[in-house]
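The next block holds one structure in the form of structure tokens; read it before the comments.
A short reminder: the numbers here are calculations on the coordinates, not readings from a lab. What you see is a predicted model; the values in this text were computed from it and never measured. Cβ placement follows ideal geometry from the backbone for every residue including glycine, while neighbour counts extend to all protein chains displayed.
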Amino acid sequence: MNPPLPGDADSCRGTRDWPHAPPHRLWESGVYFVTARCLGQAHRFDTEDRRDFLLARLLALAAHYGWRLEAWAVLANHYHFVAHGTDGPSLRKWLRHLHGDTARHVNRLDATPGRQVWHNFRETHLTYQHSYLARLNYVHQNAVHHGLVPVAAQWRWCSAADFERAVTPAWVKTVASFRVNQIAEADGE
């Protein structure tokens, strides 16, 4: 295990979690579930072109930082993904890069240089198979959950269609059997 990052509450004496932001404990490799929201839940990615840009940067930067995306969903005011990486600290760098690029892009489009676009991100290190499978299902079903499409594979900014093409129907059914309502409640959706 890599040493903890400075400021991580579980690892450093004299530090603590802050109520205004989720703690980030990114010193381990593994599979992570990540959620990020726009400040004030504003719909900064409310057009197809903007969601295309956010998704393209998400995919490109995942590869750049050595993370393998296993599921993703991009919506107008937030995104979710499940990814596997061998370098936990690089997740923070990846997300800073993603948020910086996408904020500058939408601010350029809206003629609002310097406006804060992203509020924060929350990550969960997935260490149990049940949690992993439930979050895969949650990410794939997110556009359905928000009433954007009746079937997850119809949302083009989501990995559900790719997932269905890549795995057996039995595996799709298995993943779909995991309940997602508790995840939605925990994430404030």
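Table for the structure above
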item: Stokes-Einstein D for region 30-186, Kirkwood Rh over Cα pairs, 37 °C, 0.692 mPa s (µm²/s); result: 206
item: For Cys158, Cys38, order by how many other beta-carbon atoms lie within 10 Å, fewest first; result: Cys38, Cys158
item: Sequence-distant residues sharing a close amide H with His119 (under 5 Å, placed H); result: Arg37, Cys38, Leu39
item: Low-density loop positions, chymotrypsin sites (Phe, Trp or Tyr not before Pro), region 122-160 - DSSP coil, at most 13 other Cβ in 10 Å; result: Tyr128
item: Restricting region 91-189 to trypsin sites (Lys or Arg not before Pro) in coil, as DSSP defines it, with at most 11 other Cβ within 10 Å; result: Arg179
